[in-house]
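This report concerns only the one structure given below.
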Amino acid sequence: KARIAILISGRGSNMAALLYAAKDPNCPYEVVLVGSNVPDAEGLKLAAAEGIATLAHSHKGLSREAHDDIMHQAISESGAEYVVLAGYMRILSDGFVGKWPGRMLNIHPSLLPKYKGLDTYQRALDAGDDRAGCSVHLVTPELDDGPVLGQTEVAIVAGDNADSLAERILIAEHQLYPSILSSYVTLEADPEWILGQVRERALALEETH
Ligand code: GAR
């Protein structure tokens with residue numbers, strides 16, 4: 001099985017979905033570590049109760065690079081082959097991202113490339129969109145910009161507000177993430193394609209800077 005480390009900052013409901021999916025004997029990945037930059041993150045308790053190794057290290061008082069190095073070292077020592085971000089609300093340094101090319105995934109609550117960053121639900125509502133959703137993508141240095149591996153569209157219902165929409169999108173996230181991660185680690189996605197996409201994005205970035 002592919003070994004994955006999950007990084008969280010809070011509630012950890014996507015982490016729980018990933019953990020529970022991994023209990024299926026046919027699941028192609030196993031969770032070897034759950035790490036957090038928030039020592040009292042709710043999700044850490046759940047992971048520990050499920051018998052998963054946890055690592056909590058606050059970023060406070062550390063430079064971004066120093067904190068990322070601590071996380072990277074713990075992830076490497078756990079033997080993880082993939083880093084799976086699940087509500088990890090820290091921007092990662094280019095150095096850290098560069099250590100996991102094509103091996104770090106994130107879930108974002110919008111139909112990327114729309115609404116990178118925060119407040120995705122309200123922005124979709126304000127724009128008068130008739131659908132919102134979630135995306136799983138590879139992580140590249142630019143925020144929420146990496147190649148999209150999968151998306152679920154969620155219809156916006158009359159009377160929706162940011163909270164009701166977030167709640168429904170979260171249900172979709174819990175289905176999407178384990179499913180996309182499972183396909184990804186079994187490399188239904190062609191590794192050459194992935195690295196090509198990552199390189200293409202890096203080149204495009206260089207040109208705009
Ligand atoms: C999820 O909705 C996830 O998509 C979002 O944070 C929430 C975490 O919930 N992530 C981002 O906004 C990343 N930019 P969880 O801790 O219950 O999984």
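The values are calculated or read from the model by the stated rules, or taken from the named source; none is laboratory data. Treat the numbers as computed from the prediction; the structure is a model and nothing was measured. Backbone-built Cβ (ideal geometry, glycine too); neighbour counts: all protein chains shown. With ligands, DNA and RNA removed, areas are computed over all heavy atoms of the protein, side chains included. Shrake-Rupley method; radii C 1.70, N 1.55, O 1.52, S 1.80 Å.
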note = Rounded to the angstrom and largest first, Cα extents along the principal axes for the chain equal 48, 45, 40
ask   = Averaged per residue, what accessible surface does the chain expose to a 1.4 Å probe, in Å²?
value = 49 Å²
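Could you work out the equivalent-ellipsoid semi-axes for the stretch 25-112, taking the square root of 5 times each eigenvalue of the Cα gyration tensor, largest first, in whole Å?
Details: eigenvalues 77, 59, 42 Å².
One finds semi-axes of 20, 17, 14 Å for the stretch 25-112.
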query = Which number gives the lysine pairs in the chain that have C-alpha atoms under 27 Å apart and are eight or more places apart or on different chains?
reply = 9
message = Out of the total accessible area of the stretch 1-70 (probe 1.4 Å, heavy atoms of protein only), what percent is carbon and sulfur?
response = 52 percent
task = Could you work out the local net charge near residue 161, counting Lys and Arg as +1, Asp and Glu as -1, over the other residues with Cβ closer than 12 Å to its Cβ?
result = -3
request  = Work out how much length residue 186 to residue 69 would gain on full extension: take 0.36 nm times their residue separation and subtract the Cα-Cα distance, in nm to one decimal.
outcome  = 39.3 nm
key: Structure-based [θ]222 nm, the chain - -39500 (n - 2.57) summed over DSSP H runs of at least 4, per residue, nearest 500   = -12500 deg cm²/dmol
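Just add up the charged neighbours of residue 39: K/R +1, D/E -1, any other residue whose Cβ is under 12 Å from the Cβ of residue 39.
0
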